[in-house]
Amino acid sequence: MTRALITGITGQDGLYLGELLLAKGYEVFGLIRGQNNPKRALVEATLPGVKLLTGDITDLSSLIRVLAVSQPDEVYNLGAISFVAYSWENAHLTSDVTGKGVLNVLEAVRLYAGDDLDKVRFYQASSSEMFGKVQQVPQTEDTLLWPRSPYGVAKVFGHYMTINYRESYGMHASSGILFNHESPRRGPEFVTRKVSQAVARISLGLQDEIVMGNIDAKRDWGFAGDYVEAMWRMLQQDEADDYVIATNETHSIRELLDLSFRAVGIDDWSGYVRQDPAFMRPAEVDLLIGDASKAREKLGWTPTVGFPELVSMMVASDLAEQKTAAGI
Ligand code: NDP
Ligand code: GDR
């Protein structure tokens, strides 16, 4: 039985990846932090049979213990402070978790593997946020990195550290440069879920408006279920490498609002949306659009869910959830 260790198991991607690996017959271990993590029950209900081990990616000693206990063939490092807006207000913490945390996991893997580095394969959750200031569109594995947030800078550190462990020690360490991916499991702080939740509540008469930041930014949005498949495929390759994972389409937040409101029968949303500088970022990433040709050619990976389908899926899920919560 192949064994996998997932950090960030309580997050959106951790849940989808856990489901994928369990369906493939893996023994799945998840790193869970805190003495009483509120998401433990959700993870155990979603991933029957998962083995949760306590630890934190800022604590190398905990990682050494978790590697020794789980003895994984594959390690997926998804754990991070992942909310870009939060990273300006918590820049040191974000650097420690999202940046140096990667080094801790790589080092724990190296210590665990000893002389036999081939026995473990490592995946790093890199991000399109590393591209930041627009240099080139669409963005590829070779596009210059120019991060625009403490989160983006921390991800660049983790990305190059992963490449460095591959080149220095010959570790099978791959990095997925994933563009935004969403789902009904997306945290409500991110724009797609914030909008799908609010639109569902507005259509049910439970909320009056949504307060937004910059609605002209553009993102390349895919479905999280598709993206975890790409992570797994990277670790099945003979050679470790870096891959852009994206849909090759970009849409503005305005288009997200259009489609989301239309999904509940509202064509003119201008009266429901207010902008507030509190949601504007000190520096914005204006345009992301990824070229995933390399992943298509080498991994045989293509996205299966388009933007309109993704929006409908999220609004439908939030409508059902809000109706249940309100007893409608
Ligand atoms: P989430 O924010 O949903 O999940 C983040 C996970 O990291 C949670 O399980 C969280 O655990 C865990 N975590 C936070 N701090 C620590 C820590 N100190 N030690 C161990 N674990 C920690 O993110 P996603 O699932 O959306 O993303 C997964 C990864 O992919 C992240 O690294 C993210 O930066 C990256 N990424 C995501 C993209 C996206 O569009 N979703 C795109 C590109 C990259 P807890 O519940 O305890 O807080
Ligand atoms: P992002 O995702 O920063 O791209 O990072 P997010 O959904 O937070 O923002 C996307 C864009 O929407 C604009 N925006 C708003 N965003 C939020 N959250 N709330 C608002 O009210 C709002 N109004 C406008 C933002 O300014 C931005 O331009 C996500 C995370 O998952 C990262 O971890 C990951 O690395 C990247 O995607 C790829």
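The values are calculated or read from the model by the stated rules, or taken from the named source; none is laboratory data. As the structure is a computational prediction, the values presented were derived from the model and not from experiment. Ideal geometry is used to build each Cβ from the backbone, glycine not excepted, and the neighbour counts take in all protein chains shown.
Of all the listed residues (110, 148), the sole one being touching a Gly at 6+ places or on another chain (Cβ under 6 Å) and at pLDDT 95 or above is 148. Considering region 165-195, and only residues there that are assigned to a loop (DSSP other than H, G, I, E, B) and loosely packed, with under 15 Cβ neighbours inside 10 Å, the residue that is farthest from ligand 2 (Cβ to nearest atom) turns out to be 170. Can you confirm whether residue 137 is closer than 30 Å to residue 217 by Cβ, in contact (Cβ under 8 Å) with a residue 24 or more places away in the chain and surrounded by fewer than 17 Cβ atoms within 10 Å (Cβ to Cβ)? Answer is yes for this residue.
Number of residues in region 196-228 that are more than 14 Å from ligand 1 (Cβ to nearest atom) and either assigned to a helix (DSSP H, G or I) or at pLDDT below 95 (or both) equals 8.
From the list 233, 254, 296, 274, the lone residue that is in contact (Cβ under 8 Å) with a residue 24 or more places away in the chain, under 30 Å from residue 165 (Cα atoms) and not polar (S, T, N, Q) is 233.
Here residue 27 qualifies as more than 11 Å from ligand 1 (Cβ to nearest atom) and without any contact (Cβ under 8 Å) to a residue 40 or more places away in the chain. Within region 175-188, residues that are closer than 17 Å to residue 128 by Cβ and in contact (Cβ under 8 Å) with a residue 24 or more places away in the chain reach partners that are near ligand 2 (Cβ under 8 Å from one of its atoms) and assigned to a loop (DSSP other than H, G, I, E, B) with beta carbons closer than 9 Å, at six or more positions or on different chains, in the pairs 179/288; 180/190; 180/288; 182/190.
With 128, 95 as the choices, which residue is over 16 Å from the mean Cα position of the chain (by Cα), within 14 Å of ligand 1 (Cβ to nearest atom) and under 25 Å from residue 188 (Cα atoms)? Within the list 128, 95, the selection yields 95. Within region 80-121, the set of residues being over 16 Å from residue 152 (Cα atoms) and free of Cβ contacts under 8 Å to residues at least 40 places away in the same chain comprises 114, 115, 116. What are the residues in region 68-92 that are within 11 Å of ligand 1 (Cβ to nearest atom) and either of a type in the set (A, V, I, L, M) or surrounded by 18 or more Cβ atoms within 10 Å (Cβ to Cβ) (or both), if any? Correct list: 76, 77, 78, 79, 80, 81, 82, 84, 87.
Restricting region 140-155 to residues that are assigned to a loop (DSSP other than H, G, I, E, B) and touching a residue at least 60 places away in the same chain (Cβ under 8 Å) leaves a set whose member that is nearest to ligand 1 (Cβ to nearest atom) is 149.
For region 105-120, how many residues meet the condition of being under 14 Å from residue 7 (Cα atoms) and either surrounded by fewer than 24 Cβ atoms within 10 Å (Cβ to Cβ) or more than 21 Å from the chain's Cα centre (by Cα) (or both)? Going through region 105-120 one residue at a time, the tally reaches 2.
Among the residues of region 75-83, some residue qualifies, meaning at least one is in contact with a helix residue (DSSP H, G or I) (Cβ under 9 Å, 6 or more places away or on another chain), more than 16 Å from ligand 2 (Cβ to nearest atom) and at negative phi.
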